[in-house]
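Reading through the structure tokens given below for one structure.
Derivation of every value follows stated rules applied to the coordinates shown; laboratory data play no part. In this text, all values refer to a predicted model and were calculated from it rather than measured experimentally.
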């Protein structure tokens with residue numbers, strides 16, 4: 001069952017290419033001092049890579065994407081490598097955009113088990129660009145909700161944004177729920193017709209001390225309830241067909 005998403009994604013890309021369907025593609029690379037996910041640190045110094053393809057249909061868009069997280073630096077053994085495969089649909093409404101996807105989460109060379117995550121991201125056409133994220137892990141029965149606002153504005157050639165979020169994760173093993181809040185400040189600009197440069201800084205806090213304070217011999221030995229990170233990203237996009 002885990003490989004249904006990967007098989008469907010490959011079939012989707014092949015069918016689009018065979019039909020000479022027009023599509024948009026994006027490749028992103030980012031380097032950061034730490035990676036946070038839903039109020040938890042999942043990487044120290046890290047390089048992230050993603051690639052995706054989206055095809056527009058009469059009433060929606062369908063897409064497939066690949067994501068790779070690679071811990072680097074002296075503390076890389078304390079965090080898992082990750083490779084994710086997604087297949088999703090984007091539905092545009094008058095007041096809301098819904099992004100619904102199935103995501104196969106894998107951890108190459110690690111002891112962590114693969115899982116299938118169902119994800120919904122809902123962006124509303126309202127002041128401050130509010131939204132809601134919901135997820136459910138089919139394998140481990142984890143689930144959670146997040147609410148956010150992400151206003152943005154332009155200054156010359158730069159586009160700036162502030163992301164404020166709050167949410168919780170309810171683990172499937174009936175352990176205590178993790179609640180978290182976070183903030184991100186970011187700016188980006190086009191450096192060519194197809195390449196965008198981005199800079200960002202993040203700060204998160206949770207109630208379960210899920211951020212690494214000290215690492216010894218490739219393992220986290222002390223934790224804390226807050227984390228900060230900064231990074232740089234490069235995005236290349238285009239269309240074909």
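Largest first and to the nearest Å, give the Cα extent of the chain along each principal axis.
That gives 53, 48, 34 Å along the principal axes, largest extent first.
Please compute the contact order of the stretch 63-119 in relative form: average sequence separation of alpha-carbon pairs under 8 Å and at least six residues apart, divided by the residue count, as a percent.
Details: 102 pairs, mean separation 16.3, N = 57.
Relative contact order for the stretch 63-119 comes out at 29 percent.
Report, in deg cm²/dmol and to the nearest 500, the calculated mean residue ellipticity at 222 nm for the chain, where each DSSP H run with n ≥ 4 adds -39500 (n - 2.57) and the sum is divided by the residue count. Can you show the working numbers first?
Working: 1 runs with 15 residues, N = 241.
Computed mean residue ellipticity for the chain: -2000 deg cm²/dmol.
On a 0 to 90 degree scale, rounded to 10, what angle separates helix 4-18 from the longest Cα axis of the chain?
Here the helix axis deviates by roughly 30 degrees.
Can you give the convex hull volume per residue for the Cα atoms of the stretch 197-241, as a whole number of Å³? Write down the numbers at each step before the final one.
Details: hull volume 6.5 nm³, N = 45.
Roughly 144 Å³ of hull volume per residue.
For Cα pairs less than 8 Å apart in space and 6+ apart in sequence, what is the mean separation divided by the residue count of the stretch 34-135, i.e. the relative contact order in percent? Could you put the intermediate results ahead of the total?
Values: 224 pairs, mean separation 17.9, N = 102.
It rounds to 18 percent for the stretch 34-135.
For the stretch 79-113 and the stretch 148-203, write down the distance between their C-alpha centroids in whole Å.
When both Cα centres are located, 17 Å separates them.
Give me the orientation-averaged projected area of the Cα convex hull of the stretch 16-150, in nm², one decimal. Show your work: numbers first, answer last.
Numbers: hull surface 39.4 nm².
Seen from a random direction, the Cα hull of the stretch 16-150 projects 9.9 nm² on average.
If you average the sequence gap of Cα pairs under 8 Å that are 6 or more apart and divide by the length of the chain, what percent do you get for the contact order? Walk me through the intermediate numbers first.
On the way: 638 pairs, mean separation 41.8, N = 241.
Relative contact order here is 17 percent.
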